[in-house]
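Quick note: the coordinates plus some simple rules give every number you see, no bench work behind them. Source: prediction; values computed, not measured. Cβ atoms come from the backbone with ideal geometry, glycine included; neighbour counts cover every protein chain shown.
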Amino acid sequence: MQLPLALAFGRVAYDSPTLPNDPARAMRDGDHLSLPVMMGTTRDEARTFVAFDPEPITPERYDALLAEAFGDLAGDVAERYPLAAYSSPAVAWATAMTDRVWACPTLENEQLLAATVPVFAFEFADREAPAIFPFSDDLPGGPYHGSELLSLFTIDLPGVEIDLSPDQEALSASMIGYWSNFARTGDPNGGGLPEWRAFTLRDPSAQSLAPGPEGIGLVDYGAEHQCAFWAELAEREGSTSAP
């Protein structure tokens, strides 16, 4: 799979005194510090990157992108992410890339780490997060890459007005509480916040973080991002490319 706009963002420079080993191998081998981990993504990570694509994503280009990324398996991806299920081809492409490039690798890393250390998984899911990038009617920002930072820090961007609603302000307060608790104790729970269960191999759930009375709670992260499909597709690709 070629995955345009994708894996370059996840490559890590290692083989140095600071980071001597490949992090992916270290996690698989359990060769890492025994410390609690908080790890997560935004619900629509890839929309940020698709928004900067200089070419419009038409139905024809969607098919071409799938063919470029997935080759002979493009039809399987098109069937799983059909254009009819999304408001635009750009949203369809961003959803497929969110799941394949960001969400499912994150889930895999959480599973590797959870074998040896406490893991607290999250997903920022505010569909109305303030947009600081050039999104369009065909591709609304939603909870895009980096949007969770607006709930954690005071950010001053020239020409950009960041105005949180009361529900978003409440979410921000909860998130700051979670992050502060985790930094202090290694556990985000406490201070009257909604319970955040640790991610385990038996209970691989993530804490969904969205505004509103029911906005914070557990979500089946793997099902939401169709990770079983992507794992099966990777196995099929490996079996067809094996000598």
* Return the distance in nm (one decimal) between the two label points of a simple spin-label model at Arg184 and Glu55, each offset 7 Å from Cα along Cα→Cβ. => 5.2
* **Taking the convex hull of Cα positions in the chain, its mean projected area over all directions (nm²)** => 15.5
* Asked: Considering amide H positions built from the backbone, and no H for Pro or chain starts, which residues 5 or more places from Val37, or on another chain, come under 5 Å of its amide H?
  -> Val119, Phe120
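In which sequence would Phe124, Phe52, Phe133, Phe182 go, from the one with the fewest C-beta neighbours within 10 Å to the one with the most?
Ranking Phe124, Phe52, Phe133, Phe182 by Cβ neighbours within 10 Å, fewest first, gives Phe52, Phe133, Phe182, Phe124.
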